[in-house]
Structures are given as structure tokens and as C-alpha cells.
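Below is one structure; the comments refer to it alone.
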Amino acid sequence: MIDKRNVVLFIATSLDGYIATKDDSLEWLFKVEGEGDNGYSQFYETIDTVIMGKRTYDWVMEQEIKEFPYKDKKCYVFTRSQLDDTEDVAFVSGDVTQFVNELKEQNGKKIWIVGGGELLHGFIKEKLIDEFFITVAPTILGEGIPLFKGGDYQVELTLKGTRNFNQFVELHYQLKK
């Protein structure tokens, strides 16, 4: 009998709840004075699997990076298109809930849902996220891509803790089961 792996959300948001501007920019985030890497390295060591949507994957690939940032993790990208896997990424489609539940049954560390908004909404609505690490930046964007989309769902959480990273505040919640 193995312990089920947790799916975790580790994400930054503006004070008014946006994860990016309307044009997918994160520039606002880099203007905030943090502390070190704001807990990223510590968190990154707790995971061995990364899940993201195709739009987020495309955004990552458009950045000027020398190598894929999640090279040392198993990475799945959800897409509606038929794409060939790469050295770093397995492209998947189909039932998200079934796929994630199968992943959770396997041995391993935590599973990180990186984004984006569409995929995240489905994970939240289906209560697939076990832990939420939400880092709030002292910035109000007014509009953009929301962390939480409106809809007919309700998710209850328990506060596990908070941490400060200079101007950022990290909120750690666990899904109430």
C-alpha cells in the first residue's frame, strides 16, 4: 500500500487575484521585492512531476531560456491537439481527472500543476488539488487572467500556514476532505 501523492498548486497572484495580465505578461511580478527565490527551490525539491496546459507550455518555450526549466522532472502537457512527445515533455489529452488519479496512485513525490488558467479551473472544480501554495504580491492589476474563475463550484480549504518573503506573502492551504 502506497500513500497517495498530493497534487499541489504553487503560484503567484496579484492582490486582486490575477496570475497574469490579459496579454500573458508577468512583468508586474518581477517588480516586487522578494526574498531569495521566494521559497521556489525548497518547494521544487518536494515534486517529481509537473503538469501544465498547452498555453502555459507555449509561453515557457517563448521565453529566452537555455534549457527546459523542468528537465529533471516528469512533465505532462495537456492539449487538445495531437502532438509528438519531446525529450522533456509528454503531451496528453483525454480525461484529466482519470489521468491525475492514476498519477496519484504511482510512487513518487508531489505533483505540481503549474498552470494555466483553463487547466487550473478544471483541477479546482474537480477538487484534484490537495494543497495550495498561493504567493500574493502587493500589486493590483485591475484585470487579467484570474487565479480562480467564476462558476458553479465550491471548494473548502484549511489554512496550514503563512510565510513572508519580503513583500510577498505565501498562503498554504489544504483541501478539506
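Out of all the residues in segment 122-139, is one or more among the small types (G, A, S) and in contact (Cβ under 8 Å) with a residue 60 or more places away in the chain? Yes, that holds for at least one residue.
Within segment 92-118, restricting attention to residues that are closer than 25 Å to W59 by Cβ and free of Cβ contacts under 8 Å to residues at least 24 places away in the same chain, the residue that is surrounded by the fewest Cβ atoms within 10 Å (Cβ to Cβ) is G94. Give me a count of the residues in segment 46-69 that are assigned to a loop (DSSP other than H, G, I, E, B) and over 23 Å from E126 (Cβ atoms). Qualifying residue count for the region: 7. The single residue among K125, K176 that is surrounded by 12 or more Cβ atoms within 10 Å (Cβ to Cβ) and charged (D, E, K, R) turns out to be K125.
Residue by residue through segment 57-87, note down the ones that are over 20 Å from I11 (Cβ atoms) and at pLDDT 95 or above. Result: no residue meets the conditions. Note on segment 24-78: among residues that are among the polar types (S, T, N, Q) and crowded, with 17+ Cβ neighbours inside 10 Å, the one that is farthest from the chain's Cα centre (by Cα) is N38.
Would you mention how many residues in segment 140-173 are outside any loop (DSSP other than H, G, I, E, B) and surrounded by 16 or more Cβ atoms within 10 Å (Cβ to Cβ)? Reasoning before the result, please.
Step one: of segment 140-173, the residues outside any loop (DSSP other than H, G, I, E, B) are 145-146, 157-165, 168-173.
Narrowing further to those that are surrounded by 16 or more Cβ atoms within 10 Å (Cβ to Cβ): 145-146, 165, 168, 170-173.
The total comes to 8.
Within segment 1-45, the set of residues being farther than 17 Å from I129 by Cα, of a type in the set (D, E, K, R) and part of a loop (DSSP other than H, G, I, E, B) comprises D16, K22, D23, D24, K31, E33, E35, D37, E45.
For segment 79-89, which positions are under 17 Å from the mean Cα position of the chain (by Cα) and either farther than 21 Å from D24 by Cα or outside any loop (DSSP other than H, G, I, E, B) (or both)? Give the derivation first.
Kept after step one, since they are under 17 Å from the mean Cα position of the chain (by Cα), are these residues of segment 79-89: 79, 89.
Correct list: V89 only.
The single condition from (1) in a loop (DSSP other than H, G, I, E, B); (2) β-branched (V, I, T); (3) within 30 Å of Q154 (Cβ to Cβ) that I113 fails is (1).
The values are calculated or read from the model by the stated rules, or taken from the named source; none is laboratory data. Given the structure is predicted, the values throughout are model-derived calculations rather than measurements. FYI the Cβ positions are ideal-geometry reconstructions off the backbone, even for glycines, and counts take in every protein chain you see.
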